[in-house]
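The values are calculated or read from the model by the stated rules, or taken from the named source; none is laboratory data. Since this is a predicted model, take the numbers as computed values, not measurements. For neighbour counting, all protein chains shown are included, and Cβ atoms are generated from backbone atoms with ideal geometry for every residue, glycine included. Each accessible area value is taken on the protein alone, full model and side chains, heavy atoms only, with ligands, DNA and RNA left out. Shrake-Rupley method; radii C 1.70, N 1.55, O 1.52, S 1.80 Å.
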Amino acid sequence: MNKKMMIFIISDSLGETARTIARACISQFENKDEWDIRRYPFINSTELLKEVLDEAKKNDALVLYSLVSEELANYSGDYCMENGIESVDLLSSIIHKMSTKSDSKPLREAGLIRKMDKSYFERVEAIEFAVKYDDGKDPRGLLKADLVLVGISRTSKTPLSMYLANKHIKVANVPLVPEVPIPKELANVDPRKIIGLTNSPEKLNTIRVERLKSMGLSGSANYAKLDRILEELDYSEEVMKNLKCPVINVANKAIEETAGIILDILKENGMSIIKDYDI
């Protein structure tokens, strides 16, 4: 039986990128089963690095290192050259060229890509949450939400939910309709997490007429009539008063402006739900 050829993956982070590259390269060879990949993550000192490199020398391994630290990368390069170890620096030359091209200095901090990934996946999770619990689809989501928006139709509940989801905030929204009882779960939501949305009767009339026309329906339907709108506004005002939640009039406000007001209110209420990532 042939002795397996060894690849040492050395990283000051997880080493996933280097391992993926190694596996992609191995797949190009018919003898792919003869390779043995060993990964050494979180190597953050020359002492640890030397131990791994000594082991690589003993096993005649190919060394692939993705070390963000310039000191550790240089140490690896020098050690491998002095000891006749085949090695590839997967990051330094690319970082150097990008630095030259952009005329900016790299941070040289390990693990930043994991923070980027965490930010990305939490954003996706919040967006999926907003879609799942949009327009009162599943009242159980109200108890899982970072924020609950309530308001009658055409008060920007869905656009605001999606905008705030991009800031990693899980938002559920509840439409207020006089003929439909509000979900019982709403009574168990912390009032500081609830924001009411309203609009001017004139603005609602214009928006609803256009909405009906876009659906190929008559703009004179009851949904867009001023009497019906006033009835809904009165009902929503009563509900919001009972919920003891702040109310924002979204008339003539951009989504970004309303979102900013919501975040300010939440902050004032001691609700810290913004997740910041140093990426």
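In the elastic network of the chain, a GNM with C-alpha springs shorter than 10 Å, the most mobile of V180, V171, V131 is V180.
The angle separating the long axis of helix 46-58 from the principal Cα axis of greatest extent in the chain is about 60 degrees. Our summary gives the chain a relative contact order of 15 percent, counting only alpha carbon pairs under 8 angstrom and 6 or more residues apart.
What shape does region 120-162 take by its C-alpha gyration tensor, where a ≥ b ≥ c are the square roots of the eigenvalues and a/c under 1.5 counts as rounded, a/b above b/c as prolate, and the rest as oblate? Let's see the in-between values first.
On the way: a/c = 2.15, a/b = 1.41, b/c = 1.53.
It comes out oblate by the Cα gyration axes.
Which residue, L197, L48, L263, tops the fluctuation ranking in a GNM of the chain built on C-alpha contacts under 10 Å? Maximum among the listed residues: L48. Our summary gives region 14-129 a relative contact order of 22 percent, counting only alpha carbon pairs under 8 angstrom and 6 or more residues apart. Binning the C-alpha pair distances of the chain at 10 Å intervals from 0 yields a P(r) profile of 6, 21, 20, 13, 12, 14, 10, 4, 0 %, listed from the shortest bin outward. Residues whose amide H comes within less than 5 Å of that of L197, counting only those at least five positions distant or on another chain, are V150, G151, I248 (H built at 1.01 Å from N in the peptide plane). Just the number, please: carbon plus sulfur as a percent of the accessible area of the chain, 1.4 Å probe, no ligands or DNA/RNA counted. With neighbouring chains kept in place, the figure for the chain is 52 percent. Take E179: with every protein chain present and a 1.4 Å probe, its accessible area is about 120 Å². Label-to-label distance for E16 and K97 is 2.5 nm, based on points extended 7 Å past Cα in the beta-carbon direction. When the pairs K50/K118; K57/K97; K157/K193 are compared against a 24 Å limit on Cα-Cα distance, K50/K118; K57/K97 fall above it. Between K101, K58, K241, the Gaussian network model of the chain with springs among Cα atoms under 10 angstrom shows the greatest mean-square fluctuation at K101.
R192 exposes around 100 Å² of accessible area when a 1.4 Å probe is run over every protein chain in place. Modelled label positions at K267 and K4, each set 7 Å beyond Cα in the direction of Cβ, lie 5.4 nm from each other. Per residue, the accessible area of the chain comes to 59 Å², computed with a 1.4 Å probe over protein heavy atoms only.
List the GluC sites (Glu not before Pro) within region 12-89 that DSSP assigns to loop and that have no more than 11 neighbouring Cβ atoms inside 10 Å. Don't skip to the end; give the middle numbers.
Details: sites: E16, E30, E34, E47, E51, E55, E70, E71, E82, E86; in loops: E30, E86.
Hits after loop and neighbour filter: E30.
Subtract the Cα-Cα distance of R38 and N222 from 0.36 nm times their separation in residues, and report this length gain in nm to one decimal.
Details: separation 184, 0.36 × 184 = 66.24 nm, distance 6.92 nm.
The span from R38 to N222 would gain 59.3 nm if fully extended.
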